[in-house]
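Okay, structure first, notes after.
The values are calculated or read from the model by the stated rules, or taken from the named source; none is laboratory data. Since we're looking at a predicted model, the values are computed, not measured. Reconstructed Cβ throughout: ideal geometry from the backbone, glycine too, with neighbour counts over all protein chains shown. Accessible surface areas use protein heavy atoms only, side chains included; no ligands, DNA or RNA. Shrake-Rupley method; radii C 1.70, N 1.55, O 1.52, S 1.80 Å.
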Amino acid sequence: MAWHKKIVADGKCAAKVVPALRPDKALHIAQPGWNTYIKELGKVAGVKSIATIGDIRKALKQRLDYFESMGCRATDHALEYAFYRPATDAKVNAVIKKALAGKTLSAEETETYETALLLFLGEEYATRGWAMEVHFSALRNTNSAMYKASGT
């Protein structure tokens, strides 16, 4: 958000520059770095410890509020394929516990968590009047050297 703030503060850009939310790092629980990102999310959002789907929802809601205050009205999600695997919070929490312990998740467990998070985010976006863009099978971060250098 640093560049968004600089552009607004500078006042020289006539175009309205607003951020879009891309919560892939929180969503993709089976990806390397998810544990580290979730800890960072908790710190930034003021959630002391993230151990449950409720904690993740609380932290993300705080971040959504922040992005909204910066003018965000659109989101972008990268998914490899379409899935829908609804589950109770207890089952989702078991998946989160396993991931936080550094254990490998099955495809079913990954889809269980990702479904829960996407449903939550979709409801939040609808409440806020935001657009939710979903890309299936998108080739992202194809320049590995640049991805490694920028981390985004």
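Out of Leu41, Leu79, Leu27, I need the residue that is over 19 Å from Glu111 (Cα atoms) and either in contact with a helix residue (DSSP H, G or I) (Cβ under 6 Å, 6 or more places away or on another chain) or at pLDDT below 95 (or both). Which one? Let's see the steps before the verdict.
Values: Leu79 fails: over 19 Å from Glu111 (Cα atoms); Leu27 fails: over 19 Å from Glu111 (Cα atoms).
Within the list Leu41, Leu79, Leu27, the selection yields Leu41.
If you go through region 69-102 one residue at a time, how many are free of Cβ contacts under 8 Å to residues at least 40 places away in the same chain and charged (D, E, K, R)?
The number of residues fulfilling the criteria is 4.
Kindly evaluate Thr75 against the criterion of being open to solvent by less than 80 Å² (accessible area, probe 1.4 Å) and either in contact with an Asp or Glu (Cβ under 7 Å, 6 or more places away or on another chain) or farther than 16 Å from Leu21 by Cα (or both).
Judged against the criteria, Thr75 is a match.
Give the residues of region 63-72 that are surrounded by fewer than 20 Cβ atoms within 10 Å (Cβ to Cβ) and within 24 Å of Thr110 (Cα to Cα), sorted by residue number.
Hit for region 63-72 is Arg63, nothing else.
Which of the residues spanning region 14-38 are exposed (fewer than 12 other Cβ atoms within 10 Å of the Cβ) and part of a helix (DSSP H, G or I)?
Residue satisfying the conditions is Thr36 alone.
Consider Met132 carefully, then state whether it is more than 13 Å from Ala26 (Cα to Cα), at pLDDT 95 or above and open to solvent by 70 Å² or more (accessible area, probe 1.4 Å).
yes
Out of all the residues in region 39-53, which are of a type outside the set (Val, Ile, Thr) and either in a loop (DSSP other than H, G, I, E, B) or open to solvent by less than 40 Å² (accessible area, probe 1.4 Å) (or both)?
The initial filter retains those residues of region 39-53 that are of a type outside the set (Val, Ile, Thr), namely 39-43, 45-46, 48-49, 51.
Hits for region 39-53 are Leu41, Gly42, Ala45, Gly46, Lys48, Ser49, Ala51.
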